[in-house]
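Report on the following structure.
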Amino acid sequence: LPWASAQGISGWTFRSIKQIVMHRSKEEHDAVFENCLATITAFFNAVLRGDLLDPVVLLLTASRCLLIPKPGEADSFRPLGIGESWYRLVGRIVVASLGGVVGQQLMPLQLAVGIKGGVEIAGRLCQMMFDFNDDYAVGGMDIKNAFNSLRRGPVLDGVARYCPQLV
């Protein structure tokens, strides 16, 4: 977990979570440590099964919102939502577990998830196109999914097709 990552609305940081999970100072605290680890594991499993009550889900998926000034643009800001650390941690666990499967299924359409060095491969492919022929152009686009312009139904259909265990 990145130590300097910002916290969500609860105030929990990756640093504090890591300290709880990794810190064991004395043998008499082993029972407390094991109980804490079992509780965290049970919570993560409840999240993954979809067993949480709606009010808990709302708290877990809430974000702390910030406006970040855009460089060189006066009075222009980019909205940024910082998700809850526990929820982001569950997401990291899912990506670590299933990223390779998804990456192999979606390659070559995407190289960023589950493909070791995928982003570097994509960058190198673009450079190779320039080196091969000056007439080629490489275009980039910023997909609007971050602003919820993509309907969730097709995304769910794709997940069901390529990674049904995630559904």
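Taking the Cα centre of the chain as the origin, how large is its charge dipole in debye, to the nearest 20, when only Lys and Arg (+1) and Asp and Glu (-1) carry charge on their Cβ atoms?
Details: 16 positive and 15 negative charges, 43 e Å.
Charge dipole, the chain, about its Cα centre: 200 debye, nearest 20.
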Around residue 8, which amide H atoms from residues at least 5 apart in sequence, or from another chain, sit under 5 Å from its own amide H, with H modelled in the peptide plane?
85
Show the residues, 5+ positions off or on another chain, whose built amide H is closer than 5 Å to the amide H of residue 82.
64, 65, 66
Can you give the accessible area of residue 64 in Å² (nearest 10), computed on protein heavy atoms with a 1.4 Å probe?
70 Å²
Two decimals is fine: what's Rg over Rh for the stretch 83-134, C-alpha atoms, Kirkwood radius as Rh?
1.18
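Please list 84, 34 from largest to smallest accessible area, probe radius 1.4 Å, with all protein chains kept in place. It would help to have the intermediate numbers written out before the result.
Numbers: 84 10, 34 90 Å².
The residues order as 34, 84, largest area first.
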With no solvent term and unit scatterers on the alpha-carbon positions of the stretch 31-71, Debye gives log₁₀ I(q)/I(0) at q = 0.19, 0.31 Å⁻¹ of -0.69, -1.00
Rounded to the nearest 10 Å², what accessible area does residue 135 have for a 1.4 Å probe in the complete protein model?
140 Å²
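Rounded if a/c is under 1.5, else prolate if a/b beats b/c, else oblate: with a ≥ b ≥ c from the C-alpha gyration tensor eigenvalues square-rooted, which is the stretch 40-167? Each step should come with its number before you reach the end.
On the way: a/c = 2.32, a/b = 1.34, b/c = 1.73.
Because a/c hits 1.5 or more and a/b fails to exceed b/c, the stretch 40-167 counts as oblate.
First select every other residue whose beta carbon is under 14 angstrom from the beta carbon of residue 57; then total the charges, Lys and Arg +1, Asp and Glu -1. If you can, show how the numbers build up before the last one.
On the way: positive: 49; negative: 51, 54, 84.
Net charge around residue 57: -2.
The values are calculated or read from the model by the stated rules, or taken from the named source; none is laboratory data. Everything numeric here is computed off the predicted structure, so don't read it as measured data. Please note: Cβ atoms are built from the backbone with ideal geometry, for glycine as well, and neighbour counts cover all protein chains shown. Side chains included, ligands, DNA and RNA excluded: accessible areas come from the protein's heavy atoms. Shrake-Rupley method; radii C 1.70, N 1.55, O 1.52, S 1.80 Å.
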